[in-house]
Protein chains: 2
Amino acid sequence: MKSKLKKGDYIQNISYDSVIFGFNGAQLKILVLEYHNTGLYALPGGFIRMDEDLDEAVKNGVSKRTGLEDIYLEQYHTFGSLSRSDSAAMKRIIMESGSDLMDCEWMFGRFISVGYYALINYEEVSPKPDELSDSINWYPIDELPTLMMDHEEMVTKALQVLRANFENKLIGMNLLPAKFTMKQLQQVHEAILGEKLRRTTFQRKMLSKDILVRHEKLFQGKAHKAPYLYSFK
Amino acid sequence: MKSKLKKGDYIQNISYDSVIFGFNGAQLKILVLEYHNTGLYALPGGFIRMDEDLDEAVKNGVSKRTGLEDIYLEQYHTFGSLSRSDSAAMKRIIMESGSDLMDCEWMFGRFISVGYYALINYEEVSPKPDELSDSINWYPIDELPTLMMDHEEMVTKALQVLRANFENKLIGMNLLPAKFTMKQLQQVHEAILGEKLRRTTFQRKMLSKDILVRHEKLFQGKAHKAPYLYSFK
DNA sequence: TATTATTGTCTCATATTGTTACAATAATAC
DNA sequence: GTATTATTGTAACAATATGAGACAATAATA
């Protein structure tokens, strides 16, 4: 940690933060971390090395947090208001982490932060806290703890953009296992849109889009007709 | 100019660039400037002061270029690849401007640039070049000169986002005079979408949206029935 | 006063979406 | 085994939205 965050290695005054979405079958959740001994909750974020593409920096950072390699990432907004930076909070976090305050002075200035959201398959991940944080956990999007700085605004905006992008991009794909039932697909859509959808209309629309492959039926151990499994083309 | 761009005043390694859209009644155009004696064409851009919100910095910069006060501005993407920076080009621009190369050394490093697009009423603007540029002119979006660095990618992406936002936001509003005919409104839509629309269907859809106010008829001096004038609610 | 081009609106055809109904069926209860 | 249960897949019809054409209204011009 100490040597990893040396001033000269990073672009000054820029950071990124990530809203990492997962779906547990019923709810849309995001990853939130808690910094050591501070009671401060935050989105996973980081800095950009001088010799690194912005997209690469975010990809590497999110990969490290989740252990996943291929991650659906989308840049959605850059947050640049003066009031968003909070040097006092950053000082506490660095202090409690045991790092040298002098070495980290560059982190206490003003930061413009680029927001990304990620869509990942909930089941494949067991997130691990890093050196700065006590814990990193899934929280349903409507039961988040109070987040530091402008991170709640970041979540709100990420959800907005996710919903706006929803029709064009094939978003369900990234939140589900490779094979899934029509009901699961509908539940993802409902969780993201925040509303109930009509079953028959949803099914017809999905099938008419020519984006799904139908597979063998699932033996699912429930007392009713077994549904087909689908995957994306 | 010399003292205006002092290093300590600005956030290092961050800039903004703007795609300023206007509509002349037939074509969608954007503002492109040419730097002194370099043959380099670029989008209007600038830096962010240490004590200034990102949004404010862009608003002020675009206001200065266009002379307009209330500008519809939308942040659409942040460009952060390593390869986008071109220190040689920046050196030429600064050299030809007569500024001190040493004072401006901070401009030759790597930059992450936040892209904004603006929608303005073409008729109200007579853009003026600043100290660094020979000219600033309107160019139809499909007849642009070759732009420096990644500015062509910036235009492409701006158009993409503009089209994607098109249905939700009331975009025509910002490109037209306060009162306009249905035909003008249709022409804006056609210019942005890049396709012809059916007159009757377009009219029906617009009127059903309950966003327009119908005014008195225009005495327009053409040999046919005069159209109504409309404004946005 | 007739002609012209464009406008505003109507109608009918077609496509899309909402809603209801119902047969198929995999486990469970008996 | 056989009936029961909950859910699934699909069909059928209704309601709504959109595509396409027709036509009367009308402001300037010939």
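The values are calculated or read from the model by the stated rules, or taken from the named source; none is laboratory data. Just so it is clear, the model here is predicted, and its values are computed rather than measured. With ideal geometry, Cβ positions are generated from the backbone for all residues, glycine too; neighbour counts draw on all protein chains shown. Quick note on the areas: whole protein, heavy atoms, side chains included, nothing else; ligands and nucleic acids left out. Shrake-Rupley method; radii C 1.70, N 1.55, O 1.52, S 1.80 Å.
Structure summary
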item: Choice from B:Val32, B:Val161, B:Val188 with maximal GNM fluctuation in chain B (Cα, 10 Å cutoff); result: B:Val161
item: Solvent-accessible surface (1.4 angstrom probe) belonging to B:Thr66, in square angstrom, nearest 10; result: 10
item: Heavy-atom SASA rank of A:Asp53, A:Asp150, B:Asp103 (probe 1.4 Å, accessible area, largest first); result: B:Asp103, A:Asp53, A:Asp150
item: Carbon + sulfur, % of accessible area of the protein assembly as shown - ligands and nucleic acids excluded, 1.4 Å; result: 48
item: 1.4 Å probe, heavy atoms, protein only - residues of the range A:70-99 losing at least 40 Å² accessible area vs chain alone; result: A:Gln75, A:Thr78, A:Leu82
item: Nm distances between copies for B:Lys91, ranked from closest, using label points 7 Å along Cα→Cβ; result: 4.2
item: Whole-Å distance, taken between Cα centres, linking the range A:62-96 and the range B:97-159; result: 30
item: Cα long-axis angle, helix A:182-193 against chain A (0 to 90 degrees, to the nearest 10); result: 40
item: Chain B, accessible area per residue, ligands and nucleic acids excluded (1.4 Å, Å²); result: 50
item: Using a 7 Å Cα-to-Cβ projection, B:Asn168 label spacings across copies, nm, ascending; result: 1.0
item: Förster-model FRET efficiency, 22 Å R0, B:Leu170 and A:Gln160, C-beta, rounded to 0.05; result: 0.80
item: Most to least accessible of A:Ile120, B:Ile141 (protein chains only, probe 1.4 Å); result: B:Ile141, A:Ile120
item: Degrees between helix B:54-66 axis and first principal axis of chain B (Cα, 0 to 90, nearest 10); result: 70
item: For the pair A and B, total buried accessible area rounded to nearest 100 Å², probe 1.4 Å; result: 1700
item: Acute angle (nearest 10 degrees) that the helix A:87-97 long axis makes with the longest principal axis of chain A, alpha-carbon atoms; result: 90
item: Rounded, prolate or oblate (a/c below 1.5 giving rounded, otherwise prolate when a/b exceeds b/c) for the protein assembly as shown by Cα gyration tensor; result: oblate
item: Area accessible to solvent at B:Leu207, 1.4 Å probe radius, in Å²; result: 80
item: Size of charge dipole - chain A - debye, nearest 20, with Cβ of Lys, Arg +1 and Asp, Glu -1, no other charges; result: 1380
item: Charge dipole (chain B, unit charges on Cβ, about Cα centre) - positive-most of B:Ala223, B:Pro177, B:Ser18; result: B:Ala223
item: Label point 7 Å beyond Cα along the C-beta direction, distances from B:Asp51 to other copies (nm, shortest first); result: 3.8
item: Per-residue mean of C-beta atoms belonging to partner chains within 10 Å, peptide B:6-18; result: 2
item: Cα shape, the range A:11-59, gyration tensor, a/c 1.5 rule; result: oblate
